[in-house]
1. Connecting C-alpha atoms closer than 10 Å in a GNM of the chain, tell me which of ARG153, ARG334, ARG142 has the biggest fluctuation.
2. State, in angstrom, two size descriptors of the stretch 230-318 derived from its alpha carbons: Rg to one decimal place and Dmax to the nearest whole number.
3. Taking each pair of different alpha-carbon atoms in the stretch 248-366 once, compute 1/r for the pair, average those values, and report the inverse of that mean as the Kirkwood hydrodynamic radius in Å to one decimal.
4. Give me the Kirkwood hydrodynamic radius of the stretch 158-249 in Å, from all C-alpha pairs, to one decimal place?
5. Based on the Cβ-Cβ distance of HIS35 and GLN215, what FRET efficiency does E = 1/(1 + (r/R0)^6) give at R0 = 25 Å, to the nearest 0.05?
6. At a 1.4 Å probe, what is the % contribution of carbon and sulfur to the accessible area of the stretch 289-366?
7. So how long is each side of the chain along the principal axes, counting just the alpha-carbon atoms, biggest first, in Å?
8. Roll a 1.4 angstrom probe over the protein heavy atoms and tell me the percent of accessible area of the stretch 105-185 that is carbon or sulfur.
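The values are calculated or read from the model by the stated rules, or taken from the named source; none is laboratory data. Just so you know, these numbers come straight off a predicted model, no measurement behind them. Please note: Cβ atoms are built from the backbone with ideal geometry, for glycine as well, and neighbour counts cover all protein chains shown. Note: areas computed on protein heavy atoms with side chains; ligands, DNA, RNA excluded. Shrake-Rupley method; radii C 1.70, N 1.55, O 1.52, S 1.80 Å.
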Amino acid sequence: MSLNSFGHLFRVTTWGESHGPALGATVDGCPPGVHIDESMIQQWLDKRKPGQNKFTTQRREPDQVKILSGVFEGQTTGTPVQLMIENTDQRSKDYGDIMDKFRPGHADITYYQKYGIRDYRGGGRSSARETAARVAAGGLAREAIKSIAPDLRITGYMTQMGPHGIDRSKIDLDQINKNPFWTPDADAAATWADYLDGIRKSGSSVGAVIEVIAQGVPAGLGAPIYGKLDTDLAAAMMSINAVKGVEIGDGMAAATLTGEANADEISMGPDGPVYGSNHAGGILGGISTGQDVVVRFAVKPTSSILTTRDTITKSGEAAEIITKGRHDPCVGIRAVPVGEAMMACVILDHLLLHRGQIGENRGIIG
């Protein structure tokens with residue numbers, strides 16, 4: 001059984017391990033004629049790559065993408081696009097001390113229980129290193145989206161680190177690329193810098209919340225009952241390493257609202273329906289409304305830390321463990337471009353599905 005692929009028409013299969021020679025993605029179903037080159041994908045990988053500052057893992061990987069197939073004279077051909085990223089800075093010896101021990105909070109134990117084989121060198125497929133392949137595929141998806149929905153924009157940012165959240169009244173999207181945390185609140189970035197520096201120096205880690213918005217999404221994407229846009233978005237975000245919760249729109253907070261407060265009231269504007277609010281996150285009944293699609297996900301703290309913890313060995317003996325090596329004190333920082341990539345892949349997939357079944361929207365209002 002192969003479960004390393006996602007998507008319907010735009011289908012992505014990722015491959016490779018954290019400490020193998022390379023990793024990458026095979027993308028099938030990309031429309032032909034999409035203008036693409038390696039630099040157009042590289043800009044997104046550069047956003048995710050490790051070692052950019054003291055707040056991320058100091059593993060030094062250039063994450064240089066190579067296009068091996070599916071592109072001719074700068075355009076996709078409609079055949080599978082093979083994307084490869086070589087690993088160049090593995091330090092497998094850092095994991096020698098834990099080859100027979102399971103890291104608490106890590107997939108080490110479940111991978112071993114399921115398969116009976118464990119790649120202890122950085123976690124193998126369970127490592128967040130796998131997400132580089134998703135970002136590469138997302139870069140291709142973004143370029144394909146431009147030819148179908150040129151006004152569509154995807155933006156991700158961090159809204160919370162540990163107990164510290166942003167002030168939504170101070171959101172300025174221009175600030176996202178001006179701080180190491182990809183946050184739209186400059187004051188929060190300053191607070192987080194001091195907070196995470198303490199976490200990092202103590203050898204511990206902390207979680208985060210990421211929000212991804214797709215603006216300019218046309219109404220009509222998604223299908224009932226099992227092809228809902230929010231179903232695929234939730235599955236895509238939950239599949240990201242270390243993600244433990246996903247929300248669409250108000251998400252869990254919707255449970256605290258009354259029907260009057262939650263209703264996104266509708267009026268008629270010059271160009272179609274206008275909504276007074278967006279508690280639904282741009283999706284009703286699994287179908288996009290034309291409003292911003294808003295997805296939020298929670299990332300747990302990195303499991304590899306320098307604090308001594310109790311665990312067991314493969315033989316079932318009690319043991320203590322400290323994880324050496326180079327790890328993110330807040331893996332949520334580098335999850336921002338990953339969330340953007342997954343949004344791009346899902347949105348493109350649904351654009352293609354909608355075009356294949358419906359073409360133009362059939363329900364005209366006004």
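1. ARG153
2. 20.0, 70
3. Every distinct Cα pair counted, the radius reaches 18.9 Å.
4. Details: mean 1/r = 0.0655 Å⁻¹.
About 15.3 Å, per the Kirkwood formula over Cα pairs.
5. Working: r = 22 Å, r/R0 = 0.89.
E between HIS35 and GLN215, to the nearest 0.05, is 0.65.
6. Within the stretch 289-366, the accessible surface is 51 percent carbon and sulfur.
7. Projected onto the principal axes, the Cα atoms of the chain cover 69, 50, 38 Å.
8. 48
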